[in-house]
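First the structure, in the form of structure tokens, and then the observations on it.
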Amino acid sequence: MQADMEFEGDKQLGVIPASDRHSKDALARKAAELTANEFVRERILPLLNGSVAERPFTASVAQNTGTGRLALIYEFASDCGAVAKLYTDELGARSYAALQALWNGGFGPESRYQVPEPLGFLADHNLLLMRRVPGVSISAAIRGDNSIDLVESCREAARWLVALHRSSLDIGQRETDWDSLKLFRMSTRFLKAAAAKPEHLDTMRDLLDAVEERILNLHHDRRLVQTHGRYHSDHVLISPQATCVIDLDRVGWSDPGKDIAEFVRVLRSTAFKNGDDMARIDQATAAFLEEYLGHLPEAAKTLGCYWASFSFHSYLGVMKKTRDKARRTWQELIDFYSNEIRCALQYGI
């Protein structure tokens, strides 16, 4: 086995120092350690099925964005292999506990709707190991992968979410509206956007007033559910055997509108930025909402608030930019998010 990258320097295993943990170079060095032959055989293989112990394997880096997260893939012949995530904070142990609770609480191998099987957590490396998940992500379908149908896949994503929101699981912290709606980030983004584009301040204020009115009308005693926390098309994988959802680092108790709105916002904004056929995305959006709200119609009361708020975040993010994007101009993106906010505010009225 040969690691994806070479490096010079300290070979000592362990947690990345806080001062260096977000460096791509530091993560690259750590990746080389975690994909080394000796490490895989001594620490990874014991957590896997014994039948793979003598098989050839490869270990590679799946992701290193320099954000403090590192994803690795361990592959074995005739086996789906494993995925490992390196953490630099307390989320590693919490994610492992959440996966265990979900896997044993109805989202395991006996269900159509699953999470990755948790294989172990190496506390000395802050490394979470999971069974690799088969299937195609909905994001791939958005990009044109015809092995799965986009509209039906979005229906499946809604069914998985219904299963989670109906479950009796109690995992993670309970979010306040301040956290679930990202209100601090909204306020800081508004200030930056206003400073960058003062000539658009009146329009920004009008949209803010409309969003704020919906936020103020939220009932503080409304029903909270078990939520994913970052539910979107990258994290939903479809296969003939199961629909599996990954990246449960932020699982907790919150308003169901948070997960629904995040899925819809990412689905639509990703497609628009890529210049995709929005009529096709409209069908997929309608299928997702129809399927979910057909099972849990009461969620429509808060969906509009969350969808509008998250779209307003995106609107402000674009507003403070000074350059056009590659496929969409600045004005096209501003118009898109303005329309998304107004459309979202129609839900729950």
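Any read-out appearing in this document is the output of simple, stated calculations on the displayed coordinates, not a laboratory observation. Given the structure is predicted, the values throughout are model-derived calculations rather than measurements. Cβ atoms come from the backbone with ideal geometry, glycine included; neighbour counts cover every protein chain shown.
Summary table
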read-out	value
For the range 269-349, the fraction of alpha-carbon pairs in successive 10 Å shells from zero, as %	17, 45, 29, 8, 0
Computed label-point distance, nm, for sites residue 62 and residue 210 using a 7 Å Cα→Cβ extension	3.9
Karplus-derived HN-Hα couplings along the range 43-48 (A = 6.51, B = -1.76, C = 1.60, θ = phi - 60°), whole Hz, x at Gly and Pro	10, 8, 4, x, 8, 9
Long-range tail of P(r) for the range 136-344 (Cα pairs > 31 Å, %)	19
Square roots of 5 times each gyration tensor eigenvalue, C-alpha, the range 98-182, largest first, Å	25, 20, 15
Extension gain from residue 195 to residue 278, taking 0.36 nm per residue of separation minus the Cα-Cα distance	26.7 nm
Under 5 Å, built H, 5+ apart or other chain: amide partners of residue 70	86
Extended-chain gain in nm, criterion 0.36 nm per residue less alpha-carbon gap, residue 203 and residue 24	60.5 nm
Volume of the Cα convex hull of the range 130-245, divided per residue and given in Å³	175
Across 192/273; 24/85; 182/258; 258/321; 24/320; 85/258, pairs whose alpha-carbon gap is larger than 19 Å	192/273; 258/321; 24/320; 85/258
Measure of compaction for the range 24-131 (Cα Rg per 2.2 N^0.38 Å)	1.06
Residues 243, 58 arranged by fewest to most Cβ contacts within 10 Å	58, 243
Cα-projected label distance for residue 222 with residue 253, points at 7 Å along beta-carbon direction, nm	1.7
Sorted by Cβ neighbour density within 10 Å, fewest at the top, the residues 305, 80, 343, 244	80, 343, 244, 305
Contact order relative to length of the chain, as percent, for alpha carbon pairs under 8 angstrom and 6 or more apart	15
Potential lengthening between residue 286 and residue 174 on full extension [0.36 nm per residue; Cα-Cα distance subtracted]	37.4 nm
The range 136-344 - percent relative contact order, Cα under 8 Å, separation 6 or more	29
Helix-derived mean residue ellipticity, 222 nm - over the chain, DSSP H n ≥ 4, -39500 (n - 2.57), to 500	-14000 deg cm²/dmol
Rounded tilt (10° steps) of 201-216 against the dominant C-alpha axis of the chain	80
The range 67-189 - percent relative contact order, Cα under 8 Å, separation 6 or more	19
Highest-MSF residue in the chain out of 102, 201, 248 [GNM, Cα springs under 10 Å]	201
